[in-house]
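Each reported figure results from applying straightforward, stated rules to the coordinates on display, with no laboratory input. Small disclaimer: the values here were computed from a predicted structure and weren't measured. Cβ coordinates were reconstructed from backbone atoms using ideal geometry, including for glycine residues, and neighbour counts include every protein chain displayed.
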Amino acid sequence: MIVGAQWGDEGKGKIVDLLAQHSDLVCRYNGGPNAGHTIVADGQTYKLRHMPSGILWGKECVIGAGCVVDPGVFIEELDDLEARGLSTDLVRLSGNAHVIMPWHLTIDQAAERRLGKLKIGTTRRGIGPTYADKAYRLGIRVQDLLDPKILRQKIEVALAEKNVWLERVYGAAPLELEDLAERHEEYARRLRPYISDTSLLVDRALREGKRALLEGAHGTLLDLDHGTYPFVTSSPTIAGGATVGLGIGPTRIDTVIGVSKAYVTRVGEGPFPTEIAGPDQERIRELGGEFGTVTGRERRCGWLDLVALRYAARLNGCTSLALTKLDVLSGFAELPVCTRYRLRGGTETREFPAHQSDFHSCRPVYDLLPGWQEPLDDVEELGDLPPAARRYVELVESDLDVEVTLVGTGAERERVLTRSAARLAG
Ligand code: IMP
């Protein structure tokens, strides 16, 4: 299991891509096209949205029941992969996954506009409204696309309510049943071969001794229950969510790798204690290419926050960590690392605040570590890192009591230093 340990964009795609070669299946369990993985392989850049990164290795790729799917985007992604010569024959889409309908997109965008200064800063892909309808039991599932009669009926029931909201609350144009039904019947023709009972498929594969890699989307602090609510996404992002989203038992997961950048980024609104106030923010953004994969938005950049990372290690039960983009920090004289928060009233804590007003008002307390000047391009093993970079990694390990087994030093597939490589390869 690979899980983002921050606010998303930790470089999970690259770690999944690295480990996918040793797996038989790669499975997504939550989220939809709000996730975006960028993978550079053989000189080509792939921006994946719905698709598990294992697609690049020709692995069986599962999109579980906990995911939400925008059929138009999904089909575009299939077409693009096929146009680049990659087979999509082993893509399996759960019939229980929910469909992002056009009204979900309109409502996500209109609701954000209406919130004004209080907006969440969503990716505007319809994610929140789709999960809300799922919980409200008004959702349309992938399997509904397969039966034109059921599909038409469900769209009609939903539209009776949605068109009132669209017109009266959001001042948007109503949607037409015929138009939507035809468009989705067309989608169904293209999607039909991919739709499977993915819970059964994953269970059978595990019983046969196959290896499954579970790929978390977004990040721990965007988790609907345990993240920085309301500035979160609408699905469970933590490791436990994988069993729910895929329909497998929790005892099936044996390894949880938390992925964290060597610093922190966040897109969208919400509190961010270690966000950098001075020019170093811009410097890290430029050096790290910190612009959203899905939205192109500038990512907010901050110093490494070990209080939040410790929280993530706890929520996910991380058995090891991958620290990505360490190369971006080359050239800084000193590197602040947040090890504690100072709360209103002056007490210091190493634990992530349970109440949002404490988190909103806390101040980071930094340990200052010496930086290193050398680029990390030629480093081939963890042991060969410059001493100051090694100390940086060791601080993370000792503070969290979790081993760092992978360190990212560049965008390309091969730029990951491994410890225990033999163990990871199994
Ligand atoms: P939504 O998931 O589009 O509803 O957006 C809710 C919040 O989660 C916003 O702050 C988004 O910027 C953030 N978010 C959602 N997915 C990702 C991701 O993959 N990386 C980083 N932030 C994300």
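Please give every one of the aspartates and glutamates within straight-line cross-link reach of Lys325, meaning a C-alpha to C-alpha distance under 12 Å, and leave out same-chain neighbours fewer than 8 residues apart. Hits, sequence-local ones excluded: Asp9, Glu10, Glu290, Asp377, Glu412.
Could you check what % of the DSSP bridge pairs in the chain are antiparallel, to the nearest 5?
On the way: 24 of 54 bridges.
Of the beta bridges lying entirely in the chain, close to 45 percent run antiparallel.
Toward the positive end of the charge dipole of segment 153-229, with +1 on the Cβ of Lys and Arg and -1 on the Cβ of Asp and Glu, the farthest Cα among Ala181, Thr228, Tyr194 is that of Tyr194. In a reduced charge model with +1 at each Lys and Arg Cβ and -1 at each Asp and Glu Cβ, segment 42-112 shows a dipole moment near 200 debye about its Cα centre.
Once you charge only the Cβ atoms, +1 for Lys and Arg and -1 for Asp and Glu, what is the size of the charge dipole of segment 146-228 about its Cα centre, to the nearest 20 debye?
380 debye
Sequentially through segment 40-56, phi angles give Karplus couplings (6.51, -1.76, 1.60; θ = phi - 60°) of 9, 9, 6, x, 10, 9, 10, 10, 9, 10, 9, 7, x, 5, x, 4, 6 Hz, Gly and Pro residues having no value and appearing as x. Taking GluC sites (Glu not before Pro) as exposed when their DSSP state is a loop state and no more than 15 other Cβ atoms lie within 10 Å, the longest site-free interval of the chain runs over 1-175.
Label sites at Lys47 and Lys119, each approximated as a point 7 angstrom past Cα along Cα to Cβ, lie 1.9 nm apart.
For segment 3-90, the set of trypsin sites (Lys or Arg not before Pro) satisfying both a DSSP loop assignment and a count of at most 16 other C-beta atoms within 10 Å is given as Arg84. Between Tyr170 and Thr349, the modelled labels are 3.7 nm apart [label points 7 Å from Cα along Cα→Cβ].
Just going by the charge dipole of the chain, with Lys and Arg at +1 and Asp and Glu at -1 on Cβ, which of Ile100, Phe332, Met51 is farthest out on the positive end? Comparing the listed Cα positions along the dipole, Ile100 ranks first.
How much length is gained on full extension from Asp80 to Glu412, taking 0.36 nm per residue of separation minus their Cα-Cα distance? Don't skip to the answer; put the middle values down first.
Numbers: separation 332, 0.36 × 332 = 119.52 nm, distance 2.08 nm.
Answer, rounded to one decimal: 117.4 nm.
When the Cα positions of Val69, Val294, Leu159 are compared along the charge dipole of the chain, Leu159 comes out farthest toward the positive end, with charges on each C-beta of Lys, Arg, Asp and Glu. Rounded, prolate or oblate: which one fits segment 345-409, using the alpha carbon gyration tensor with axes a ≥ b ≥ c (rounded when a/c is under 1.5, else prolate when a/b beats b/c, else oblate)? Taking the square roots of the gyration eigenvalues as a ≥ b ≥ c, segment 345-409 is prolate.
Looking at segment 327-426, none of the chymotrypsin sites (Phe, Trp or Tyr not before Pro) sits in a DSSP loop with at most 16 other Cβ atoms within 10 Å of its own Cβ. Taking the chain as a Gaussian network, where each spring joins two C-alpha atoms under 10 Å apart, which residue of Gly331, Gly247, Gly43 fluctuates the most? Between Gly331, Gly247, Gly43, it is Gly43 that shows the largest mean-square fluctuation.
Among Cys318, Cys61, Cys362, the residue with the largest mean-square fluctuation in a Gaussian network model of the chain, with springs joining Cα atoms closer than 10 Å, is Cys362. Separation of the alpha carbons by more than 25 angstrom is noted, of Lys47/Lys210; Lys12/Lys59; Lys14/Lys210; Lys14/Lys119, for Lys47/Lys210; Lys14/Lys119. Rg/Rh, computed from the Cα trace of the chain with Rh as the Kirkwood radius, has the value 0.97.
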